[in-house]
Amino acid sequence: MSEHTENPGDTTGSGTGPRPEPIRYFGTTWVEHDGGYGLRRAAVGAGALVTAFAAALVLRFAYQGLAIAEVGGFVNVLVVVMFAVCSAIAFRKTWESFGRRPSGSAAEDSLRSLKAIGFIGSLIAYSLRCLTEAPGEQLRRAEYETALRQYEKRRGSRSGNPATRAARARKKTPRRS
């Protein structure tokens, strides 16, 4: 993969402008939707869905283990509710993360364990997002296009001979006598 830049507006120093930030499994194919982008989206979405299904089977086996151990109805209900709530939280937080950068706040860090328990929700969110775009593409596209506009604006304002710009600016200002 190519080098990751925190700020999509960073330039390479060679005057080529901002570089798009790669997305996991997609690289920079999301920019032009080339290089097998559609196939990758389908494969990643299907892979996440198959993984979620396999994880659900593993959880079912765990639940059957609780039933064999005869731990009681309360514990069985508690386990089901816990996984359902954690999966819902993980789905929501994963879905929201596609549209904004992580803030790194303590509240987000405290939900990390809930998201780990509800990993099936995260996998389903990932799979559903692949139906429309690469996960995180909308956010990165907006940042990249903003960086391109800013770069073009800076580049356009620097073009030409600075001495003639200064001379033109002096001609435009009225002289006081």
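The values are calculated or read from the model by the stated rules, or taken from the named source; none is laboratory data. Note that this is a predicted model, so its numbers are computed, not measured. Counting neighbours? That spans all protein chains shown, and the Cβs are built from the backbone with ideal geometry, glycine included. In case anyone asks, the SASA skips ligands and DNA or RNA and just uses the protein heavy atoms, side chains included. Shrake-Rupley method; radii C 1.70, N 1.55, O 1.52, S 1.80 Å.
Before moving on, here are some points about what is shown:
- Of the residues making up the stretch 19-75, just one is open to solvent by 40 Å² or more (accessible area, probe 1.4 Å), among the aliphatic types (A, V, I, L, M) and either part of a loop (DSSP other than H, G, I, E, B) or in contact with a strand residue (DSSP E or B) (Cβ under 7 Å, 6 or more places away or on another chain) (or both), namely Val71.
- Of everything in the stretch 80-119 that is small (Gly, Ala, Ser) and surrounded by 16 or more Cβ atoms within 10 Å (Cβ to Cβ), the residue that is farthest from Ala55 (Cα to Cα) is Ser97.
- Some residue of the stretch 83-100 being in contact with a Leu (Cβ under 7 Å, 6 or more places away or on another chain), modelled with pLDDT under 90 and basic (Lys, Arg): yes
- Top-ranked residue of the stretch 132-149 - restricted to ones that are of a type in the set (S, T, N, Q) and either in contact with a Phe, Trp or Tyr (Cβ under 9 Å, 6 or more places away or on another chain) or in a helix (DSSP H, G or I) (or both), ranked as least open to solvent (accessible area, probe 1.4 Å): Thr146
- Some residue of the stretch 120-131 being out of contact with any His (no Cβ under 7 Å at 6 or more places or on another chain), open to solvent by less than 80 Å² (accessible area, probe 1.4 Å), more than 30 Å from Glu32 (Cβ to Cβ) and in a helix (DSSP H, G or I): yes
- Positions within the stretch 78-107 being of a type in the set (Gly, Ala, Ser), part of a helix (DSSP H, G or I) and more than 11 Å from Gly118 (Cα to Cα), in sequence order: Ser97, Ala106, Ala107
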